[in-house]
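> I'd like to ask you about the structure that follows.
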Amino acid sequence: MAKPKTDFSLNQKVVYPSQGVGQITNIYKSEFNGESVYFYEIYIEVSDMYAKVPVANAAKLGIRAIVSADEALKALNSITDEFEAPTSDWKLRYQMNMDLLKKGTIQDIAVIVRSLYKRSKVKELPILERKLYDSAKKMLEDEIAYALGKSAKEVEDMLHAKLEPIGAKSEKKNAFDDEDEDEDEFDDETTSSKDSDEDDDDEDDDIDDEDDDDDSSDDDLD
């Protein structure tokens, strides 16, 4: 099998959606299901792991080259753009952002970071969303750092400077004004449990009353 034309070269930096920024460490041929297949070996620094991806499937998985410096700055500056507040339903919000992460463009990743940061200033994020935010933020910082030739710390400070005005505009809301769906269900279960406990207390009171009546009857017999 002749070596296919590859979109990426050895040692090139790439973005692997949902995984992070990586580097092509090897392009090699291996047997797979009885056929000779060419693979990219990609080292993902953030997770310290190697991913083996068939060359023919790289585009389908959204693997792409690091953007240009202009595109990186455009994504960074988009953080301060006006945008519609994200839905208060965290499950729906999480799915929407996961879809953006799988698409994996730098603009999509910037949207995730911007919207979840704003949401976090209104109300603490659920654990899954917090992990998603951290992953997207790290991916955005790494790509911008490589594109601009800056250190991770420099880009982290640049991003923080863009995010902070968003946080300053966000006001803390009363928890009862903005409940997530799962918390509403929890409240319903708690209320039902309390009602059940009250019913049990009423039954105990009735039993006590009956015991008192029995004692009175015994006194009458005496």
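The values are calculated or read from the model by the stated rules, or taken from the named source; none is laboratory data. Just so you know, these numbers come straight off a predicted model, no measurement behind them. Positions of Cβ are backbone-derived with ideal geometry, glycine not excepted, and every protein chain shown enters the neighbour counts. Only protein heavy atoms, including side chains, enter the accessible area calculation; ligands, DNA and RNA are left aside. Shrake-Rupley method; radii C 1.70, N 1.55, O 1.52, S 1.80 Å.
> Step through the residues of the range 71-87 one at a time and calculate ³J(HN,Hα) from phi using the Karplus curve (6.51 cos²θ - 1.76 cosθ + 1.60, θ = phi - 60°), rounding each to whole Hz and writing x for Gly and Pro.
5, 5, 5, 4, 5, 4, 5, 5, 4, 8, 5, 5, 8, 6, 4, x, 4
> If you take every residue apart from G20 with its C-beta less than 12 Å away from the C-beta of G20, what net charge results, scoring Lys and Arg +1 and Asp and Glu -1?
Its environment carries a net charge of -3.
> Let me ask something else. Considering only protein heavy atoms, with the full assembly of protein chains and a 1.4 angstrom probe, order F83, F39 by accessible area, largest first.
If we order F83, F39 from most to least accessible, we get F83, F39.
> Which ³J(HN,Hα) values in Hz, rounded to whole numbers, follow from the phi angles of the range 128-140 under the Karplus curve 6.51 cos²θ - 1.76 cosθ + 1.60, where θ = phi - 60° and Gly and Pro get x?
Using θ = phi - 60°, the values come out as 4, 5, 5, 5, 5, 4, 4, 5, 5, 5, 5, 5, 5 Hz.
> Still on this structure: Hey, could you get me the Stokes-Einstein D for the range 24-146, Kirkwood radius over alpha-carbon pairs, 37 °C and 0.692 mPa s, rounded to whole µm² s⁻¹?
Roughly 202 µm²/s, to the nearest whole number.
> List every residue whose amide H lies under 5 Å from the amide H of T25, counting only residues 5 or more places away in sequence or on a different chain, with H placed 1.01 Å from N in the peptide plane.
Correct list: N11, E41, I42, Y43.
> Right, something else. Taking 28 Å as the cut-off for C-alpha to C-alpha distance, list the pairs among K121/K153; K60/K162; K131/K162; K29/K150; K60/K123 that go past it.
Too far apart for the 28 Å limit: K60/K162; K29/K150; K60/K123.
> For the range 1-125, what does the accessible surface come to per residue with a 1.4 Å probe? Please give it in Å².
Ligands and nucleic acids excluded, the result is 55 Å² per residue.
> State, as an integer percentage, the relative contact order of the range 65-121 based on alpha-carbon contacts under 8 Å between residues 6 or more apart.
42 percent
> If you don't mind, there's one more thing I want to ask. Looking only at the range 1-128, where both bridge partners belong to it, what percent of the DSSP beta bridges are antiparallel (to the nearest 5)?
Just about 100 percent of them are antiparallel.
> So, one more: May I ask you to list the trypsin sites (Lys or Arg not before Pro) in the range 1-80 that are in a DSSP loop and have at most 16 other Cβ atoms within 10 Å of their Cβ?
K5, K60
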